[in-house]
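Worksheet for the structure shown next.
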Amino acid sequence: MKTPAIIDCDPGHDDVMAILLGARTMDIKGITTVFGNASLPLTTKNARFTVELADLRHIPIAAGHDRPLLRENNSADDGSRVHGKTGLDGPTIPEPTVPVLEEHAVDFIYRTAKETPNFHLVPVGPLTNIAVAIRRYPDLADYVTAISLMGGSTTFGNVTAAAEFNIWADAEAAHVVFTSGIPIKMLGLNVTRQVNATPKYRKQIREMGSRTAVAVAEMLDFYSERLSRLFGLPGGSMHDPLAVIALTDPDILTFEPMHVAIELAGTHTYGMTVCDYRHRRADTGEPQGAPPNAEVAVAVNAERFWERFLDVLQSYP
Ligand code: RIB
Ligand code: CA
C-alpha cells in the first residue's frame, strides 16, 4: 500500500526529482506550490510543466503562499543563483495547459488530510503553507501521520554559514512546524549534499532517451553546473527527493531522534536548525536537553538512492 501524501514544493530542479520519484513510489494526492527558488507564479508554472512532461496530469496542483509570514521576501534572488531566472533553467518550458485548482494550497492540504487515512506531508520548499495550515486548522495534526521535510542541517548552511535555504526563507514558519507536535523527519544538508548528480549519472539518464529522461538530464546539467560553480560540488545535490525516500525507503537513511530549535533572532544564525545532540548520553546518563521533536537524518547510502531513482526514472515516457 503506497503512502498517501501531498508534496509541497518550490520547483526548482530537485523539487521536480521529488515529484517524479514520489509519483511512482507514493500515492500522491496533490502538489502544492510555494514561493522559494522562484516567485510563486514561476514555481507553480514549473509544477504544471512537470506533471505534463511526465504524464502525471491526474495529480491536482494548488498554489499557496507567495511570501514569508513576516520577513521581506528575498529568497528568489538566492534561488535564481542556483535554479536560474525561471526557477527551472535548462530545458525549454512551453506554457503549460494543465489547470491549477481554485482552492488555496492551505485549504487543499486540510481537506485532503481529513479525507485520507495515514496522510503524510512532504514539504521541500519554505514551510509557509504548512505553517499557515497548522495555524488556520488547529486540528490538522489529528489528520497528519508525519511530515518528511527537506530543510535545515545538523552542520553547515548554504544560504548563510548557519542556515539552509528552505528554513531561512521563512524561519518563523519553520518554528511553527517544528513546535506543532506533528512527527517530523528532517532531511538536512548534512546528508543531502552527499547525493549529487555527477556526470556518470547524468550520462545514464540522458541515454535512457525518453522525453522525461532527456528533460531531466537537461535540468540536471544546468543545476549541476551552477552548484559546481557556486559550491564546488561534483553535481547537483538531490536534496528534495530524499524527503520522499525517507518515507518509501527509510533504510537508505539513518535517523536520530533529537530536539531541533529554529533560530529566529541570531545576527549570524537566523534560520539555523539548532540540532541538540546531547540526547546521545551514556546509558547511565541523565537525559540532557529538550525532548526530541524530530527524527533527523544523519547518514545516507547515496548508491542505493541512485539505484532507486534511476529505476523509477526508466518508467517515465
Ligand atoms: O537548500 C536546498 C533546498 O532549497 C531545496 O529544497 C532546493 O529546492 C531549495 O528549495
Ligand atoms: Ca525545493
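Some notes on this structure:
- Out of VAL159, VAL106, one residue alone is in contact (Cβ under 8 Å) with a residue 12 or more places away in the chain and within 11 Å of ligand 1 (Cβ to nearest atom). It is VAL159.
- Residue ID - nearest to ligand 1 (Cβ to nearest atom), chosen from residues in region 220-246 that are of a type in the set (D, E, K, R) and not in a loop (DSSP other than H, G, I, E, B): ARG226
- The C-beta contact set for region 114-143 (first residue farther than 21 Å from MET272 by Cα, second residue among the basic types (Lys, Arg) and open to solvent by 10 Å² or more (accessible area, probe 1.4 Å), distance under 8 angstrom, 6+ apart or interchain) comprises THR116/LYS29; PHE119/LYS29; TYR143/LYS114.
- Region 157-180, subset away from ligand 2 (no atom under 16 Å from the Cβ) and part of a loop (DSSP other than H, G, I, E, B), residue least open to solvent (accessible area, probe 1.4 Å): ALA162
- Close pairs (8 angstrom Cβ cut-off, 6 or more residues apart or separate chains): within 14 Å of MET238 (Cβ to Cβ) in region 1-23, more than 10 Å from ligand 2 (Cβ to nearest atom) and basic (Lys, Arg) anywhere: LEU21/ARG308
- Test result for THR154, in contact with a strand residue (DSSP E or B) (Cβ under 6 Å, 6 or more places away or on another chain) and open to solvent by 20 Å² or more (accessible area, probe 1.4 Å): yes
- Output for region 1-25, where each listed residue is assigned to a loop (DSSP other than H, G, I, E, B), of a type outside the set (Val, Ile, Thr) and either away from ligand 1 (no atom under 16 Å from the Cβ) or over 9 Å from the mean Cα position of the chain (by Cα) (or both): MET1, LYS2, PRO11, GLY12
- Per the conditions (1) of a type outside the set (Ser, Thr, Tyr); (2) within 16 Å of ligand 2 (Cβ to nearest atom); (3) part of a helix (DSSP H, G or I), the sole criterion not satisfied by ASP142 is (2).
- Residues of region 205-258 that are out of contact with any helix residue (DSSP H, G or I) (no Cβ under 7 Å at 6 or more places or on another chain) and closer than 30 Å to ASN293 by Cα: ALA246, LEU247, PRO250, ASP251, THR254, PHE255, GLU256.
- The residues listed here are GLU103, GLU95; of these, the one that is part of a loop (DSSP other than H, G, I, E, B), of a type in the set (D, E, K, R), farther than 24 Å from PRO68 by Cβ and more than 15 Å from ligand 2 (Cβ to nearest atom) is GLU95.
- Within region 137-173, the set of residues being among the aromatic types (Phe, Trp, Tyr) and within 19 Å of LEU264 (Cβ to Cβ) comprises PHE165, TRP168.
The values are calculated or read from the model by the stated rules, or taken from the named source; none is laboratory data. Please read these numbers as outputs of a predicted model, since none were measured by experiment. Don't worry about glycine lacking a Cβ; one is built from the backbone with ideal geometry, like all the others, and counts go over all protein chains shown. Areas reflect the complete protein model, heavy atoms only, side chains present, ligands, DNA and RNA absent. Shrake-Rupley method; radii C 1.70, N 1.55, O 1.52, S 1.80 Å.
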